[in-house]
């Protein structure tokens, strides 16, 4: 982190400085990571209150603390008093972000945020040192933590922003002030809180007004909901001095792809067309949706001035974050498609598409998908029906909602099984046979990594 001072931080967040104006060399919300010269931010959560660790933070070497409560400040230390430390943290992150002349990219969407983030960072890194969000640190704590990692030698930053409710994208994008804003798609994730896909579209577009002057909005024309924005960008908050860049499979888009070839679990090939030229790329991760991710990354690369060769190298060098369409080839000839990090109806159907292309026995081990509200039962039934449509041989449905999946396909596939819990399924001692491809996918709370680990033991 670039050195800043406690007085400067106070100005960023409109707080009250008590004590000395001291240099700050790092910022943390984790009392276990306190080091000499840092600022400790006391966050009040549902199960803990960081204010309980303030005196300990000073004792461990923290120079300054950010607090909602007044404390006696030891000599040679500082306290910044604010009404809300979480809100203040975002304002500080914004002030810190604006100390740097960099290209900052925000990425949001219902599906594929993290994959697109990783691929975009892989492309942009061809032009210089690139910072990216670690894991899925995409909320009001994770985004500031990412911004605090900015250094003078960083050329670009790719910051993922997520949401569950209206207003969250607005808050996070206002802290980031992106030069490029990418919206990957609008699906059904969080429909429980947002009411409809139209509501989700509105929430995702909260990013648009915060794109910096002269910046770019990179939008997916292949998504049915985002496509309704085309030609109406200003109605959705895009500033007059920000350009919309559309990507998709149709040549009417600014960045587009054709000659798409699937190699099953070995990935995709396509030709990407840009104003600066065209490239033939091999994407190492399976699924047609990866073409859209590559187009978004290519658009960002073109915007910052990369050559077609640099963009190609970045796309082909991309490696996904673990447990996302991870192909595990077993010694006996079987294959696990480990995609258990998260799931929603769109990503699950995309994974089933990949499985359906495999040349062997096709088994789908699927679990509950969260945050679907009253739509949950219907959408799980749709996934079950989709398994039958795609000729999946064996469907294993696990979880309360997944019983709807099982009921929808039990009479339409060669074999279907239902288990209430992961433990119940593992208790049957499942194995992967020779020439069997087994997809493992569910929302993160289902802990399907236990299944992948068991099958791979």
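Computed from the alpha carbon positions, the gyration tensor of the chain leads to an equivalent ellipsoid with semi-axes of 40, 28, 20 Å, biggest first. Per-residue extension of 0.36 nm, minus the Cα-Cα distance of residue 375 and residue 271, leaves a gain of 33.7 nm for this segment. Relative contact order of the stretch 52-177, taken over Cα pairs closer than 8 Å and 6 or more residues apart, is 26 percent.
Between residue 56 and residue 444, the FRET efficiency estimated from the beta carbon spacing at R0 = 30 angstrom works out to 0.40. Protection proxy ranking, highest mean first, for peptides 275-281, 434-440: 434-440, 275-281, where packing is the per-residue count of other beta-carbon atoms within 10 Å, averaged.
Could you tell me the distance between the Cα centroids of the stretch 281-340 and the stretch 67-85, to the nearest Å? What the calculation gives is 46 Å, centre to centre.
So what's the angle, to the nearest 10 degrees on a 0 to 90 scale, between helix 85-97 and the longest Cα principal axis of the chain? Orientation of helix 85-97: about 90 degrees from the principal axis.
Sort 396-405, 105-114 by packing, meaning the average of other beta carbons within 10 Å per residue, with the highest value first.
Top to bottom by mean Cβ count within 10 Å: 105-114, 396-405.
When both bridge partners sit in the stretch 4-83, DSSP labels roughly 40% of those beta bridges antiparallel. One decimal place: the segment residue 259-residue 11 gains 83.9 nm when fully extended, by the rule 0.36 nm per residue minus the C-alpha distance. Report, in degrees rounded to the nearest 10, the 0 to 90 angle that the Cα long axis of helix 376-389 makes with the longest principal axis of the chain. Computed tilt is about 40 degrees. Take the Cβ atoms of residue 235 and residue 192, set R0 to 25 Å, and the FRET efficiency comes out at 0.40.
DSSP beta bridges confined to the chain are antiparallel in about 30 percent of cases. For the chain, find the longest principal axis of its Cα atoms and tell me its angle to the long axis of helix 289-303, 0 to 90°, nearest 10. Compared with the principal axis, the helix lies near 40 degrees. DSSP beta bridges confined to the stretch 100-316 are antiparallel in about 35 percent of cases. The label-point distance for residue 228 and residue 410, in a model that sets each label 7 Å from Cα toward Cβ, rounds to 3.7 nm. Cα centroids of the stretch 101-143 and the stretch 367-417: 33 Å apart. Remark: relative contact order (the stretch 345-457) = 31 percent; criterion is Cα-Cα distance under 8 angstrom and separation of 6 or more residues. Each residue in 12, 40 was given a count of other beta-carbon atoms within 10 angstrom of its own, and listing them fewest first yields 12, 40. Using the average count of surrounding beta-carbon atoms within 10 Å as a protection proxy, the listed peptides 407-418, 178-189 rank, highest first, as 178-189, 407-418.
Just so you know, all these numbers are worked out from the coordinates, no wet-lab data involved. What you see is a predicted model; the values in this text were computed from it and never measured. Methodologically, a virtual Cβ is constructed for each residue, glycine included, from the backbone with ideal geometry; neighbour enumeration extends over all protein chains shown.
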